[in-house]
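This report refers to the structure that appears directly beneath it.
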Amino acid sequence: RMAAMILRPWVVLLAAGGSRRFGSPKLLARIQRETLMHRAARAALGCRPAGCVVVLGAQAHRLQRELRGLPVEVVVNRRWRAGLSGALRAVIDDLPDSARAVLVLLADQAAVGPAELELLIAAWQRAPRAIVAARVGEVRGPPAIFPRATFGALRRLRGDAGARRLLADPGRRVIEVEIPGAAWD
C-alpha cells in the first residue's frame, strides 16, 4: 500500500514543434507575463514527478532560456520535423531503469496544470499497468501516462501521430480521465 503512494511517473514535456500554424514560436507567447514554455514546465514540475525531461526542437536555444533555473533535463531533438514520435523515442531510451511510467504532456496545453496531472497520476497509481489518458468529449489524448510495459511500443512509433495508436489499441487497457482543459491549445 505504501509503495503506491510514492509511485511517481517521469514527465516528458514535448516542446519540439515548429508552430507552423501559429506563425511565430507559440511557446514564447505569454499568458499573464509568463511564456507558455515556462508555464508548461511549471505545471510538469508541480505534479512532483520522479523527473522531468523537456524535449526541444525548433527554436531550442530560445526556449531553453525559458527553462533556466528549473530542475528539468533538456533533450534537443534535431530531427523535430519528423514529428512527435521521434521526440518520444529520443527520451524513452534515456529514462533510468527506475522509471515506472512516463507522463507525456504537450507544452502548448496551457489549460492543463498540476491539479489535472494529479488526476491522471492518481488513476495510474490505482492501476499501474494501464495507460491513463485525458478525455475531452469523445477524444482521448495527451496528457497521458504510459507504463513501462509500453516503452517498447513507444520506441517503435513513427510519424506525427505520437502515441495515438497506442491509445486507440483495443488490446490495451486505457483508463480515461475527463480533463476539459486538455482540448485547448
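Would you be able to tell me the number of residues in region 93-105 that are within 21 Å of ARG158 (Cα to Cα) and surrounded by fewer than 21 Cβ atoms within 10 Å (Cβ to Cβ)? Break it down stepwise before answering.
Quick first cut of region 93-105, residues within 21 Å of ARG158 (Cα to Cα) only: 93-95, 101-105.
Next, only the ones that are surrounded by fewer than 21 Cβ atoms within 10 Å (Cβ to Cβ) stay: 93-95.
Qualifying residue count for the region: 3.
With respect to the conditions (1) open to solvent by 10 Å² or more (accessible area, probe 1.4 Å); (2) touching an Asp or Glu at 6+ places or on another chain (Cβ under 6 Å), ARG126 falls short on a single one, namely (2). When ALA123, ALA115 are checked against the criterion of being without any contact (Cβ under 8 Å) to a residue 12 or more places away in the chain and either among the small types (Gly, Ala, Ser) or outside any strand (DSSP E or B) (or both), ALA115 stands alone in meeting it.
Would you be able to say whether some residue in region 101-108 is at pLDDT 95 or above, out of contact with any strand residue (DSSP E or B) (no Cβ under 7 Å at 6 or more places or on another chain), not aliphatic (A, V, I, L, M) and not in a strand (DSSP E or B)? So far as region 101-108 goes, no, none of its residues is at pLDDT 95 or above, out of contact with any strand residue (DSSP E or B) (no Cβ under 7 Å at 6 or more places or on another chain), not aliphatic (A, V, I, L, M) and not in a strand (DSSP E or B).
Number of residues in region 93-150 that are closer than 19 Å to VAL55 by Cα and of a type in the set (Gly, Ala, Ser): the value is 7. Each residue in region 39-75 was checked for being under 13 Å from ALA15 (Cβ atoms), in a helix (DSSP H, G or I) and among the hydrophobic types (A, V, I, L, M, F, W, C), and 6 of them qualify. The residues listed here are LEU63, LEU67, LEU7, LEU36; of these, the one that is under 19 Å from ILE131 (Cα atoms) and either crowded, with 20+ Cβ neighbours inside 10 Å or in contact (Cβ under 8 Å) with a residue 60 or more places away in the chain (or both) is LEU7. Does ALA50 satisfy the condition of being open to solvent by 30 Å² or more (accessible area, probe 1.4 Å), of a type in the set (A, V, I, L, M), closer than 24 Å to ARG165 by Cβ and without any contact (Cβ under 8 Å) to a residue 60 or more places away in the chain? The answer is no for ALA50.
The values are calculated or read from the model by the stated rules, or taken from the named source; none is laboratory data. On a predicted model such as this, the values are computed, not experimentally measured, just so you know. Don't worry about glycine lacking a Cβ; one is built from the backbone with ideal geometry, like all the others, and counts go over all protein chains shown. The protein model used for the area step is the full one, side chains on, heavy atoms only, and it has no ligands, DNA or RNA in it. Shrake-Rupley method; radii C 1.70, N 1.55, O 1.52, S 1.80 Å.
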